[in-house]
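The values are calculated or read from the model by the stated rules, or taken from the named source; none is laboratory data. No experiment lies behind these values; they were computed from the predicted model shown. No Cβ is skipped: glycine too gets one built from the backbone with ideal geometry, and neighbour counts run over all protein chains shown.
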Amino acid sequence: GNLYFPIPYARGCKITMDSRAFYNIINYRSYAPGTDVRTFTMADFKAVAPLREKVAQVLNTTPDARGKTIQKAQTLSQGQHLSCVLPVGAGAVKQLEIKLEASDAMAQALRSVVIKGQFDRDQTLWVPVGDFFNNVSKIRPYDMWERSVEADGTLVCRWVMPYEQQGEISLHNLGKTPVKASLTVTTAPWVWDDRSMHFHATWRMDDPTPTFPLYDWNFLCAQGRGVIVGDQWTVLNPREGWWGEGDEKIYVDDDIEKRFPSHFGTGTEDYYGWAGGVVPTPDDEFAKPFLGNIIVGHPRSMGYNVCTRTRVLDAIPFREKIQFDVESSCGTRQRWHYLQYAQTTFWYARPGVEHNRNPLPNMAARPLPTLADLQRLVEEAKKEQYIVEGALEAELLTVAQKSQGVHENAADIPVWGEMSSGALKNLWFEAPGDFAIIKLTEQFEASRIRVCAAVGPQNGQYDIYVNGLLKQTQDLYSNHGGMTNPCIDLGQCEPVNNAFVVRFEFKGHNVNARAQANKYALGIDFFLIENDFLKR
């Protein structure tokens with residue numbers, strides 16, 4: 001569930017749970033010293049019961065936009081546009097309605113027809129229509145507080161867009177296919193003052209992104225005064241399985257100098273409010289007032305996936321600057337695995353703000369990437385090196401803990417034969433009892449675990465534990481370098497706290513083994529984790 005009820009506190013707040021929680025994220029807002037805050041009590045909670053009921057009813061009712069209406073309709077060939085010039089003087093857009101018709105080319109029209117907004121001579125809005133409305137690749141009706149898609153394909157936006165003197169909303173067709181477009185804009189008077197802000201919607205799309213090694217994929221960097229009010233994340237996934245392990249990292253004002261974010265999440269599914277510990281299917285699609293899992297690929301997230309979040313009490317104000325990143329990560333750890341991202345950020349800012357999201361007309365004009373396109377790219381990447389299908393590559397995993405006598409990459413481990421992805425996790429041990437721990441996270445059910453490791457004249461003997469249980473003792477000595485074949489079978493293992501903690505403890509060495517600078521080698525190629533997770 002997702003709770004938005006404000007719980008104020010004057011001096012401090014401690015949150016406890018009477019049973020182990022599966023996932024949780026807590027947002028809080030700190031106020032300046034001296035701010036008058038009335039601490040939450042259950043008596044207050046009961047006293048506002050009528051107001052709570054009224055708010056719930058409002059949030060489940062589509063707001064009624066009232067004001068002056070401007071309507072335009074036109075068939076747009078490539079390069080053409082239609083515009084609604086807004087009434088002169090201080091005002092605000094209260095509602096937009098857009099409808100596109102493109103016969104068999106609707107998926108492309110949703111990407112190649114762009115909505116553009118200019119307020120007080122500043123262009124603040126430039127996003128493909130489908131991305132703005134969470135309808136990438138197809139029309140999918142839903143109803144949220146500030147955006148909706150009706151059953152007939154009408155796209156409705158209720159974000160308020162103020163301006164001081166003048167404004168214009170337009171639709172531009174960047175694609176090759178003619179599109180029949182209609183645009184309806186409802187405006188009303190607005191009192192513009194020194195707190196008023198322009199509405200911004202900015203879009204980013206790149207070429208397909210490798211999901212390992214991990215890095216932070218930037219949504220937005222802005223300098224000035226503003227507030228983040230929402231975002232939308234489109235992911236084209238080439239395979240069955242989970243695509244969103246990345247954590248959000250949002251740096252507000254001096255967080256950037258401190259190099260640590262005010263918002264540091266636990267995974268993309270948690271950020272968008274629908275974590276469940278299983279690979280989602282179309283049955284998991286939903287739309288609530290402020291959260292939406294609008295499109296889920298099938299089967300099991302393969303294909304296009306679209307999530308969105310609107311921020312209300314959890315809006316993120318910034319006085320000087322903001323950096324909004326999300327980690328590029330999925331449920332696999334292979335260099336050949338790619339995802340196709342596109343992303344929209346919704347925000348308000350005072351005039352004069354600067355940011356790093358310029359329009360991308362060439363990207364919007366491209367043919368919409370398909371599942372087959374991305375799968376071909378992945379298969380070509382696989383051909384570039386020897387790869388074991390489904391392998392969790394050890395060289396891409398971090399050693400979570402090790403004793404002082406364990407050294408990474410102290411010397412080469414000679415191997416005769418091919419290594420999956422061409423590399424090993426290279427560890428060297430000094431004395432019996434030395435250990436190294438590798439933690440395999442995001443593991444939700446009992447699994448058979450197998451390990452492939454190097455053998456050779458410099459390799460030691462190791463006890464291998466999983467979550468504290470001794471699973472295997474393995475002598476990795478051989479008179480010539482090679483790989484374990486078959487893999488070392490650690491048997492059926494139960495996860496603890498959604499992880500397998502694998503401990504390699506140096507037991508000693510074969511009498512024929514030869515030390516390298518008084519150290520013995522452990523070269524781990526990959527782990528194979530086998531379960532029925534994808535079959536559920």
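Here are the numbers for this structure:
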{"item": "Selection within region 465-497 - aliphatic (A, V, I, L, M), under 16 Å from Lys507 (Cα atoms) and surrounded by fewer than 19 Cβ atoms within 10 Å (Cβ to Cβ)", "result": "Leu469, Leu470"}
{"item": "Positions within region 59-73 being surrounded by 11 or more Cβ atoms within 10 Å (Cβ to Cβ) and not basic (Lys, Arg), in sequence order", "result": "Leu59, Asn60, Thr62, Pro63, Ala65, Gly67, Thr69, Ile70, Gln71, Ala73"}
{"item": "Region 116-143, residues that are of a type in the set (A, V, I, L, M), free of Cβ contacts under 8 Å to residues at least 60 places away in the same chain and within 22 Å of Val85 (Cβ to Cβ)", "result": "Val129"}
{"item": "Which numbered condition Ser148 fails, given (1) within 27 Å of the chain's Cα centre (by Cα); (2) of a type in the set (S, T, N, Q); (3) more than 24 Å from Phe199 (Cβ to Cβ)", "result": "(3)"}
{"item": "Selection from region 53-76 of residues that are closer than 30 Å to Thr177 by Cα and among the β-branched types (Val, Ile, Thr)", "result": "Thr69, Ile70, Thr75"}
{"item": "Exclusive hit being closer than 30 Å to Thr177 by Cα and touching a residue at least 60 places away in the same chain (Cβ under 8 Å), set Gln340, Gln323", "result": "Gln340"}
{"item": "Some residue of region 411-430 being part of a loop (DSSP other than H, G, I, E, B), among the polar types (S, T, N, Q) and in contact (Cβ under 8 Å) with a residue 12 or more places away in the chain", "result": "no"}
{"item": "Selection count where residues are of a type outside the set (Lys, Arg) and under 15 Å from Ile488 (Cα atoms), scope region 435-455", "result": "7"}
{"item": "Top-ranked residue in region 417-441 [being more than 20 Å from Ala515 (Cβ to Cβ) and modelled with pLDDT under 95; ranked as surrounded by the most Cβ atoms within 10 Å (Cβ to Cβ)]", "result": "Ser421"}
{"item": "Selection status of Ala517, surrounded by fewer than 15 Cβ atoms within 10 Å (Cβ to Cβ), aliphatic (A, V, I, L, M) and in contact (Cβ under 8 Å) with a residue 60 or more places away in the chain", "result": "yes"}
{"item": "Checklist (1) in a loop (DSSP other than H, G, I, E, B); (2) loosely packed, with under 10 Cβ neighbours inside 10 Å applied to Pro50, failing item", "result": "(1)"}
{"item": "Looking only at region 205-218, and only at residues there that are part of a strand (DSSP E or B) and out of contact with any Asp or Glu (no Cβ under 6 Å at 6 or more places or on another chain), the one that is modelled with the lowest pLDDT", "result": "Tyr215"}
{"item": "Set Arg357, Arg300: member being buried (at least 20 other Cβ atoms within 10 Å of the Cβ), charged (D, E, K, R), more than 26 Å from Tyr31 (Cα to Cα) and in contact with a Pro (Cβ under 8 Å, 6 or more places away or on another chain)", "result": "Arg300"}
{"item": "Strands (runs of 3 or more DSSP E) fully within region 441-491 counting 3 or more residues that are within 12 Å of Ile524 (Cβ to Cβ)", "result": "447-455"}
{"item": "Gly224 being surrounded by fewer than 17 Cβ atoms within 10 Å (Cβ to Cβ) and touching a residue at least 40 places away in the same chain (Cβ under 8 Å)", "result": "no"}
{"item": "Only one of Ala105, Ala109 that is crowded, with 24+ Cβ neighbours inside 10 Å, touching a residue at least 12 places away in the same chain (Cβ under 8 Å) and outside any strand (DSSP E or B)", "result": "Ala109"}
{"item": "Residues being within 16 Å of the chain's Cα centre (by Cα), part of a strand (DSSP E or B) and surrounded by 16 or more Cβ atoms within 10 Å (Cβ to Cβ) - total across region 252-287", "result": "1"}
{"item": "Ala92 within 30 Å of Met205 (Cβ to Cβ), in contact with a helix residue (DSSP H, G or I) (Cβ under 7 Å, 6 or more places away or on another chain), surrounded by 15 or more Cβ atoms within 10 Å (Cβ to Cβ) and small (Gly, Ala, Ser)", "result": "no"}
{"item": "Tally of residues being surrounded by 15 or more Cβ atoms within 10 Å (Cβ to Cβ), out of contact with any strand residue (DSSP E or B) (no Cβ under 6 Å at 6 or more places or on another chain) and modelled with pLDDT under 95 across region 389-413", "result": "1"}
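The rows are residues; the columns are (1) free of Cβ contacts under 8 Å to residues at least 24 places away in the same chain; (2) under 20 Å from Trp347 (Cα atoms); (3) among the aliphatic types (A, V, I, L, M); (4) part of a loop (DSSP other than H, G, I, E, B).
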| site | (1), (2), (3), (4) |
| --- | --- |
| Trp159 | no, yes, no, yes |
| Gly175 | no, no, no, yes |
| Ala188 | no, no, yes, no |
| Trp203 | no, yes, no, no |
